[in-house]
Every structure is written in structure tokens, then in C-alpha cells.
């Protein structure tokens, strides 16, 4: 050792006391250092044991996760095979559907053209219908105007006729009154002439009887 202490011999025999004391103190110091190092190593060993325990637990967890991952990987591989099979089936179906898709596209274009033509035709028909409706409304308006004019004229003529008829009825009523009065006078005169002569004859007969 570099710090090794050499013990010298004494002149009186034996070893030098100072060298022995220094050597003992050096050994004690070394022992303290060794003890401290041992304690430090023990503490570190305890820490490492705790870490090892934690690592063991983590290893168990990781092993379980690995097992789960392997199971999931197996399921994914199985699912991948199923998807591959499904993909092949879909690919075949797609190849079979391509002609139908082309036909569908063609029909869709034709339908779009038909819808466009139908829309244009509908607009034209609507325009024609509006024009016809306007014409019908104008003709109806003219017809109603004519009817109104005819009604007004008929009403005026009817009123004039009514007034004329009423005037004639008034005249006829006056004539009927005159005729009634004339007939009444005639009947009175006739009754007077007939019944008056009969009474005179009756009176004359009564006078004759008395004589």
C-alpha cells in the first residue's frame, strides 16, 4: 500500500511505540472506512434489492402484457387472415360489379339528361299554362264585362218596360173604375125602371080593388 506505515524497532528492543500507535490508528481508520463502505454497500444492496423486487414485479406485469400482446397479435393475425379473405372476396365482387357500375353510370347520365329535359319541358308547360291562364282570364274578364253590360242594359230595358206596364195598368185601372161606375149606373137605372113600373102597377091594382 502507498500509505503503509513502517514500524521501526526500538533501541531497547521491541517495536517503536509511536510507529505502533500510528499503525493502530491507521488500522482503526481503515476499519472505519471499511465499515462505512460496508454500510454504504449494505444500504445500496437494500436499495438494489428493492429495485430488483420492483423490477421483478414489473417483469411479471410486462410478461403478462407480453402474453396479452401475443394473444392480441394472434387475434390480429387471425383477423388479418379474415380480412385478407374478405378483401379477396370483395375484390372478386368488385370485378363482377364493375360492368354493373359502368351500366349504372350510363343509366345515371341518361337519367340526369331525362331529368334535365323533363325540367325544361315542365318549365315550358308551366309557361304555356301561365300564358293560357292569362288568356282565359282576359277572355273571362271581357265576357264578364259584356255580361255586365248586357245585364245593365236588360235592367234598364226591364225598368222602362215595368214603368210602361205600370202606366198602362194605371190607365186600365182608371178605365175599369169608369166602366164599373157606368155599369153600376146602368144597373141602377135598369132596376129602377123595372121595379118602379111593377110597383106602380101594384098600386093601380090596389086602387081598383078599393073601388
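The values are calculated or read from the model by the stated rules, or taken from the named source; none is laboratory data. What you see is a predicted model, and the numbers here were worked out from it, not measured in a lab. Cβ atoms come from the backbone with ideal geometry, glycine included; neighbour counts cover every protein chain shown.
Table: residues versus (1) touching a helix residue (DSSP H, G or I) at 6+ places or on another chain (Cβ under 9 Å); (2) outside any helix (DSSP H, G or I); (3) modelled with pLDDT under 85; (4) loosely packed, with under 10 Cβ neighbours inside 10 Å.
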residue	(1), (2), (3), (4)
6	yes, yes, yes, yes
20	no, no, yes, no
40	no, no, no, no
43	no, no, no, no
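Apart from one condition, residue 95 fits all of (1) surrounded by 10 or more Cβ atoms within 10 Å (Cβ to Cβ); (2) within 48 Å of the chain's Cα centre (by Cα); the exception is (1).
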